[in-house]
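J.: The structure under discussion is supplied below as structure tokens; questions concerning it will follow.
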Amino acid sequence: MSLFSKKPTAKEQMRQTDRVIRKTQRDLERERHDLERQEKKLEMEIKQAAKQGNKEALTVLAKQLVNLRKQKTKTFAVGSKIQSIGTQGKLMQSNMKMADAMATTTKSMAAMNKVMDPQKTAATMKEFERQSARMDMTEEMINDTLDDILDESGDEEEQDAVVSQVLDEIGIEISGKMLDAPSAHKGALGSKSKTDVSDDDIERQLAQLKAL
């Protein structure tokens, strides 16, 4: 290994360890399959020796079968242990990620605490509140002044101009001769006419007003 080689990070080491664990589990799985094939072969040989009455061969084959089954049991135990190690490694990796996140957050909080001045922030907030209240008072005074200006005597002339514009739009012109025009409202205000006024009567009155 080179003296100047870069040291792997914790994340890279965990990734490499995970690869080694997966390879070991695959190797154990292949070995277990081989043992199972040998087990079936021995069982067939034991049955054949029993049929032949070969007690010596039967004893040897039975011992081999016992040892083979013990070895297969060991592969299960080792596989479980390796799987447990892999799980612990993943938990460690998760804990490392959480620790890194906490470290980053801690640095950010420390930097913010150095920049922020609690007394200065409180003074700024108080000044903002004072200026906001002052602005509200100024706005209220301006509105009151505008209301006083707009409520002068010119309102009546403005209202008359609006009425004249509306009457012009519907075809009625206001002039000095309108005082001599026949009016349907010489009676008391709110009083009803003796007969109902038809649409023709209204159009005729409008025509008379326009002829003035």
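The values are calculated or read from the model by the stated rules, or taken from the named source; none is laboratory data. Just so we're clear, the structure is a prediction, and the values are computed from it rather than from any experiment. Virtual Cβ from ideal backbone geometry, glycine too; neighbours counted across all protein chains shown. When the accessible area is computed, the model is the full protein with side chains, heavy atoms only, and any ligands, DNA or RNA have been set aside. Shrake-Rupley method; radii C 1.70, N 1.55, O 1.52, S 1.80 Å.
J.: If you project the alpha carbons of the range 1-128 onto their three principal axes, what span does each projection cover, largest first, in Å?
T.: Cα extents, longest axis first: 108, 41, 15 Å.
J.: For GLU39, GLU12, give the ranking by accessible area with the largest first, probe 1.4 Å.
T.: The residues order as GLU12, GLU39, largest area first.
J.: Could you work out the local net charge near LYS40, counting Lys and Arg as +1, Asp and Glu as -1, over the other residues with Cβ closer than 15 Å to its Cβ?
T.: +1
J.: Measure up LYS70/LYS90; LYS7/LYS81; LYS11/LYS107; LYS11/LYS97 against 19 Å on the Cα-Cα distance and list the ones that go over.
T.: Exceeds cut-off: LYS70/LYS90; LYS7/LYS81; LYS11/LYS107.
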